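What follows is a short report on a single structure.
The values are calculated or read from the model by the stated rules, or taken from the named source; none is laboratory data. Note that the structure is a prediction, hence the values are computed from the model and not measured. Positions of Cβ are backbone-derived with ideal geometry, glycine not excepted, and every protein chain shown enters the neighbour counts. Heavy atoms of the whole protein, side chains included, go into the accessibility calculation; ligands, DNA and RNA do not. Shrake-Rupley method; radii C 1.70, N 1.55, O 1.52, S 1.80 Å.
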2 protein chains.
Amino acid sequence: MDDKRVVIVGAGLAGCLLATLLGRRGVEVDVYERRDDPRASAAERGRSINLAISARGLAALGQVGLGEQALSRALPMHGRMVHDPSGAESFRPYSADGTRAINSISRAELTRALLDVAAKTPGVRLFFDHRLTGVDLATGELRFETGEGPRLARADVVLACDGAFSAARRAVTFSAGFTYSQDYLAHKYKELTIPARDGDFALDPDALHIWPRGESMMIALPNLDRSFTCTLFWTAEQFAALTTPSEIVEHFRAHYPDVVRLAPNLVDDYQRNPLGSLATIRAWPWVHHGRSGGDSGSDRRGGDGTSGQASVGPSAKATAGGSSSGGGGGGAMLALVGDAAHAIVPFFGQGANCAFEDCVEIDRCLAETGGGWPAALTSYERRRKANCDAIAEMALDNFVEMRDRVNSHVFQARVAAEHWLERRLPGRYVSRYELVSFTTMPYAEIPGRIRRQNQLTTLAAGALTGAAGLAAATILGRNR
Amino acid sequence: MDDKRVVIVGAGLAGCLLATLLGRRGVEVDVYERRDDPRASAAERGRSINLAISARGLAALGQVGLGEQALSRALPMHGRMVHDPSGAESFRPYSADGTRAINSISRAELTRALLDVAAKTPGVRLFFDHRLTGVDLATGELRFETGEGPRLARADVVLACDGAFSAARRAVTFSAGFTYSQDYLAHKYKELTIPARDGDFALDPDALHIWPRGESMMIALPNLDRSFTCTLFWTAEQFAALTTPSEIVEHFRAHYPDVVRLAPNLVDDYQRNPLGSLATIRAWPWVHHGRSGGDSGSDRRGGDGTSGQASVGPSAKATAGGSSSGGGGGGAMLALVGDAAHAIVPFFGQGANCAFEDCVEIDRCLAETGGGWPAALTSYERRRKANCDAIAEMALDNFVEMRDRVNSHVFQARVAAEHWLERRLPGRYVSRYELVSFTTMPYAEIPGRIRRQNQLTTLAAGALTGAAGLAAATILGRNR
């Protein structure tokens with residue numbers, strides 16, 4: 001095993017899981033987090049209170065012994081509850097047999113559980129209140145701003161688990177050959193709360209609730225305290241059009257009548273909670289070396305001469321007195337992990353699940369290389385890229401399905417046909433939703449499989465009312 | 001006219017032209033350039049020595065009285081000279097009548113000429129050796145690093161003309177809702193020189209020379225000193241495969257035999273000149289306001305809390321002692337111009353031409369708004385975006401044409417057919433190349449026009465050897 005100094009930037013979901021996996025492998029790892037220890041502070045208002053953990057996330061959590069614990073603190077949601085504009089509800093199970101569920105869990109609580117496990121893992125050291133201000137891959141030096149002034153650290157391997165707007169990534173963002181994009185949706189989000197009513201859930205807790213409204217939508221997920229967190233996904237123009245209490249109440253009365261009844265703090269939540277943006281981030285390569293050959297920083301299109309060295313915030317000043325260039329030994333490797341490599345929109349509930357898979361893959365690659373980092377990280381990025389691209393696209397696509405198609409007759413007929421095929425051909429015919437949420441099939445294999453299945457679904461949709469169904473099932477049976 | 005403090009960042013081609021246009025409009029403008037005054041220093045080695053100015057660029061230069069001067073220092077290229085692997089040459093005119101030319105001109109010389117004009121324009125002040133390290137749009141403060149220490153400036157309007165890797169753009173790069181991408185080609189570039197031979201051009205100076213080689217290519221443009229600047233466009237792997245003198249010479253002997261004869265410094269150029277990268281940069285919006293409503297910086301996907309304020313380099317330290325937040329008055333507007341808004345690959349020779357059009361459009365919009373900046377900049381970005389997107393795509397597409405299709409029989413037949421139609425239908429049928437290079441038709445209108453024409457070209461390609469040509473011409477005549 002290489003004797004490398006390993007640093008993880010970010011002690012969120014991915015950072016904690018990865019630290020734990022590495023620690024168990026005998027790797028010493030220092031984790032730097034810009035926030036305070038969340039186990040000692042309160043959650044922020046209106047900021048993604050819950051997330052949906054499904055098969056991939058549970059498999060990863062299982063590797064560090066948290067699978068059962070997570071499930072015990074989660075609320076299973078076995079299907080979608082669709083709310084139409086009249087206030088009527090209808091339930092659509094996620095799986096053909098109705099037994100599969102995704103799991104609503106508190107992001108803060110899951111993070112705290114992962115922190116506890118990481119903190120107890122030998123070799124893992126956690127540093128809070130350390131905001132990364134600069135990384136120099138040529139020397140392996142990391143600069144942090146802390147409540148007690150600037151701090152320096154050195155690393156041979158930097159694992160950037162610091163999210164969609166990764167500070168660590170800025171070390172390479174403007175280097176030649178780094179293909180990068182951030183694409184924002186026209187839609188923004190805002191959270192609202194439906195509190196418990198008479199001590200119980202005000203809506204069915206066994207469902208992810210959706211109010212599909214064509215161009216926009218609202219969803220709601222249950223919390224352990226029997227409240228629901230609602231999230232509005234509207235365009236910026238739609239949000240801007242409602243400002244006064246009466247405008248807000250009138251609009252909800254017209255389009256979300258049940259919510260007006262269930263959310264007594266609607267106006268206050270709407271007026272005070274922040275608007276969030278939704279972006280897809282794509283980057284390549286994910287792995288960078290301080291001592292790469294090839295490009296100089298001097299070309300006119302590629303970089304600005306700061307390649308491999310970058311300041312990431314206004315306070316780079318603090319440490320710059322004694323920084324850079326001299327340094328000890330060789331350069332560092334930097335790998336982007338989770339949202340830092342591939343932030344996706346939340347419409348498939350796969351952001352955290354996908355990030356967890358990244359961590360498990362890094363661990364697996366290290367096992368295969370006997371602890372050799374360069375080869376392990378190269379395998380990691382090679383294996384994960386296509387999968388993460390695939391879920392990014394499916395997540396964007398699912399927004400249209402949720403807000404619009406979920407309520408159409410054609411869509412309902414298709415789901416019914418899918419479930420009909422799934423029951424008749426168990427394990428052979430599985431819907432996209434189930435492949436994403438209830439299996440660990442690599443994401444990249446799913447679109448192709450679905451395309452092949454779709455031809456049959458089309459046949460079967462007609463077959464639900466006719467004899468052609470048997471023919472479809474027979475053809476599928478023969479073709480496999 | 002608004003009484004705004006206007007700053008241009010970057011005294012390259014776009015910055016100088018824009019400063020001159022604004023100065024003539026009575027706007028006082030300070031221009032900050034990170035390099036020294038190029039009128040007092042030498043050119044860098046292997047860095048885009050020449051560029052091709054065509055109709056759009058000449059129209060813009062004409063507005064500041066530089067059209068004639070530029071042409072007098074340029075070398076017209078009336079067509080492509082294609083070099084096949086045997087060393088044989090064949091000439092293909094750019095226009096049907098053979099009279100139209102693009103113009104090879106020294107980037108350094110054109111920049112110096114524009115600097116001279118800007119420096120003489122009342123109201124324009126030029127500051128060299130000023131490297132932008134931070135912009136705070138909330139206060140309008142700009143921070144610079146100079147040879148004599150840090151400097152501050154304030155602006156109400158910041159015009160970012162500082163190129164593909166714009167430092168000014170970093171003020172908004174990580175703000176919520178800023179859609180941005182940098183896409184690198186797998187191909188890199190490297191420049192070589194074919195010196196004058198016996199005091200004369202070693203190749204025909206009236207052509208842009210192309211060595212199309214399928215996956216890769218080389219081009220050469222003539223210089224006033226009778227040398228040619230060659231640019232290799234190869235993949236990184238192709239470059240990496242040749243390192244020793246004998247490998248280099250053997251490869252060129254096999255694939256570019258004429259170049260071995262003409263370029264005595266081939267090995268030295270190849271080994272010493274830097275590898276450049278090629279990127280397409282897309283960004284939106286181009287115009288930003290320090291006091292925007294809407295998004296807070298506190299959401300989980302949108303930004304990192306530094307929206308509207310950013311440090312752009314390691315030396316933000318220098319000025320941070322007395323910086324920010326207090327400040328005087330309202331926020332600043334920032335507009336991206338030229339490569340900072342939309343860097344494109346060089347294969348249509350339109351990067352500078354397109355940037356010049358941006359400057360002219362800003363000037364036109366200011367005329368229309370009577371000097372009102374917010375409305376002018378909003379019109380500017382609205383009118384230019386689709387055009388710049390269109391030329392970005394056409395430039396990417398032209399790479400394939402130049403390196404691959406230009407030498408195919410199908411392509412040659414198509415060009416011949418186009419020229420045949422152009423001669424028969426002057427002004428009605430015009431090739432894409434001519435619309436881009438020899439007209440000022442908005443770029444965005446070109447793809448649609450070409451699609452409509454293509455149906456006819458296909459007919460006409462056959463018609464060159466048959467009677468259907470008359471029919472095609474007749475149909476076209478009727479349809480217009």
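Long-range amide H contacts for A:Gly134: which residues qualify at under 5 Å (H placed 1.01 Å from N, peptide plane, sequence gap of 5 or more or a different chain)?
Sorted by chain and number, the residues that satisfy this are A:Arg143, A:Val312.
Hey, rough spin-label estimate for B:Ala413 and B:Ser90, points 7 angstrom out along Cα→Cβ, what's it come to in nanometres?
Output for this residue pair reads 1.3 nm.
Work out the FRET efficiency for B:Asp198 and B:Glu393 from their Cβ-Cβ distance, taking R0 = 41 Å, and round it to the nearest 0.05. Can you show the working numbers first?
Numbers: r = 43 Å, r/R0 = 1.06.
Using R0 = 41 Å, I get an efficiency of 0.40.
Classify chain A from the C-alpha gyration tensor, please: rounded if a/c falls under 1.5, else prolate or oblate depending on whether a/b exceeds b/c.
The shape class here is prolate.
What order do you get for A:29-39, A:89-99 when each peptide is scored by the mean count of other beta carbon atoms within 10 Å, highest first?
Peptide ranking by packing, descending: A:29-39, A:89-99.
Which of the three applies to region A:110-192, rounded, prolate or oblate, going by the alpha-carbon gyration tensor with a ≥ b ≥ c and a/c under 1.5 meaning rounded?
Working: a/c = 1.87, a/b = 1.11, b/c = 1.68.
It comes out oblate by the Cα gyration axes.
Run the numbers on chain B and let me know its relative contact order in percent, using alpha-carbon pairs under 8 Å that are six or more apart. Numbers along the way, then the final one.
On the way: 947 pairs, mean separation 96.4, N = 480.
Rounded, it is 20 percent for chain B.
Working from Cα positions, state the angle (0 to 90°, nearest 10) between the long axis of helix A:373-403 and the longest principal axis of chain A.
Value to nearest ten degrees: 30.
For the pair A:Arg382 and A:Thr440, how long in nm is the line joining their label points, each one 7 Å along Cα→Cβ?
Here the answer is 2.2 nm between the modelled labels.
Could you state the angle between the C-alpha long axis of helix A:13-24 and the longest principal axis of the C-alpha atoms of chain A, as a value from 0 to 90 degrees rounded to the nearest 10?
The helix A:13-24 is inclined about 60 degrees to chain A.
Any chance you could check region B:266-289 for residues losing 50 Å² or more of accessible area when the partner protein chains are in, compared with the chain on its own (1.4 Å probe)?
Residues losing area: B:Leu275, B:Ser277.
Looking at the protein assembly as shown, what % of its DSSP beta bridges pair antiparallel, to the nearest 5?
Bridges in the protein assembly as shown are about 75 percent antiparallel.
For region A:128-173, what is the charge dipole size about the Cα centre, in debye to the nearest 20, if Lys and Arg each add +1 at the Cβ and Asp and Glu each add -1 at the Cβ?
120 debye
May I ask for the distance between the Cα centers of region B:340-378 and region A:109-131, given as a whole number of Å?
51 Å
May I ask you to evaluate 6.51 cos²θ - 1.76 cosθ + 1.60, the Karplus curve with θ = phi - 60°, for each residue of region B:59-72 and list the ³J(HN,Hα) values in order in whole Hz, giving x for glycine and proline?
Taking θ as phi minus 60°, the curve returns 4, 5, 4, x, 5, 10, x, 9, x, 5, 4, 4, 4, 5 Hz for region B:59-72.
Please state the charge dipole magnitude for the protein assembly as shown, taken about the Cα centre, from unit charges on C-beta atoms (+1 on K and R, -1 on D and E), reported in debye and rounded to the nearest 20.
Working: 108 positive and 108 negative charges, 274 e Å.
My answer is approximately 1320 debye.
Give the peptides A:364-376, A:272-284 in descending order of average Cβ contacts within 10 Å, highest first. All intermediate terms of the calculation are to be shown ahead of the outcome.
On the way: A:364-376: 16.8, A:272-284: 20.9.
So the order, starting with the most tightly packed, is A:272-284, A:364-376.
Can you pull the one-decimal nm distance between simple spin-label points at A:Arg272 and B:His251, each 7 Å off the Cα toward Cβ?
6.6 nm
For chain B, what is the percent of antiparallel DSSP beta bridges, rounded to the nearest 5? Show your work: numbers first, answer last.
Details: 58 of 78 bridges.
Close to 75 percent.
What average count of beta carbons from other chains do you get within 10 Å of the Cβ of residues in B:171-181? Before the final figure, lay out the partial values.
Values: counts 0, 0, 4, 7, 2, 9, 10, 4, 7, 6, 6.
Partner Cβ neighbours, averaged per residue: 5.
What nm distances, shortest first, do you get from the label point of B:Gly98 to those in the other copies when the point sits 7 angstrom along Cα to Cβ?
Going from nearest to farthest copy, the values are 8.3 nm.
Just checking the output field for B:157-166: average partner chain Cβ neighbours within 10 Å of each residue's Cβ? Please report the intermediate quantities before stating the final value.
Details: counts 0, 0, 0, 0, 0, 1, 3, 5, 10, 2.
That works out to 2 on average.
Tell me which aspartates and glutamates have Cα within less than 16 Å of B:Lys190's Cα, excluding those fewer than 8 residues away on the same chain?
Candidates past the 8-residue exclusion: A:Asp295, A:Asp299, B:Glu44, B:Glu215, B:Glu237, B:Asp268, B:Asp269.
So what is the accessible area of the protein assembly as shown per residue, in Å², with the probe set to 1.4 Å?
Numbers: 36880 Å² over 960 residues.
Per residue, the protein assembly as shown has 38 Å² of solvent-accessible surface.
Once you order the gyration tensor axes a ≥ b ≥ c over the Cα atoms, which shape class does region B:379-428 get: rounded for a/c under 1.5, otherwise prolate or oblate by comparing a/b with b/c?
Details: a/c = 6.31, a/b = 1.51, b/c = 4.18.
Oblate, because a/c is 1.5 or more while a/b does not exceed b/c.
Counting only protein heavy atoms and using a 1.4 Å probe, what share of the accessible area of chain B belongs to carbon plus sulfur, as a whole percent? The partial results should precede the final answer.
Values: 9250 of 18410 Å².
Roughly 50 percent, rounded to a whole number.
Using alpha carbons only, how many degrees (0 to 90, rounded to 10) separate the axis of helix A:245-255 from the longest principal axis of chain A?
Helix A:245-255 and the main axis of chain A meet at about 50 degrees.
Between the alpha-carbon centers of region A:172-230 and region A:13-84, tell me the distance in whole angstrom.
A separation of 17 Å, based on Cα centres.
About the Cα centre, and with charges only on the beta carbon of Lys, Arg (+1) and Asp, Glu (-1), how big is the dipole of chain B? Nearest 20 debye, please. The partial results should precede the final answer.
Working: 54 positive and 54 negative charges, 196 e Å.
With Lys and Arg at +1 and Asp and Glu at -1, about 940 debye.
Report the one residue of B:Val360, B:Pro426, B:Asn387 whose Cα lies farthest in the direction of the positive end of the charge dipole of region B:339-443 (charges on C-beta: Lys and Arg +1, Asp and Glu -1; origin at the Cα centre).
B:Pro426
FRET efficiency for B:Ala367 and A:Asn454, Cβ-Cβ distance as r, R0 = 56 Å, nearest 0.05? Write out the running numbers ahead of the final one.
Details: r = 55 Å, r/R0 = 0.99.
Between B:Ala367 and A:Asn454 the formula returns 0.50.
For B:Glu68 and B:Asn265, what is the calculated FRET efficiency with R₀ set at 45 Å and r taken between the beta-carbons, to the nearest 0.05?
Values: r = 35 Å, r/R0 = 0.77.
Efficiency, from the Cβ-Cβ distance: 0.85.
With a 1.4 Å probe, what is the total accessible area buried between chains B and A, in Å² rounded to the nearest 100?
On the way: alone 20500 and 20550 Å², together 36880 Å².
Protein heavy atoms only, the B-A interface buries about 4200 Å².
Run the reach check for B:Lys120 against lysines, Cα to Cα strictly under 29 Å, same-chain hits fewer than 8 apart removed. What comes back?
B:Lys4
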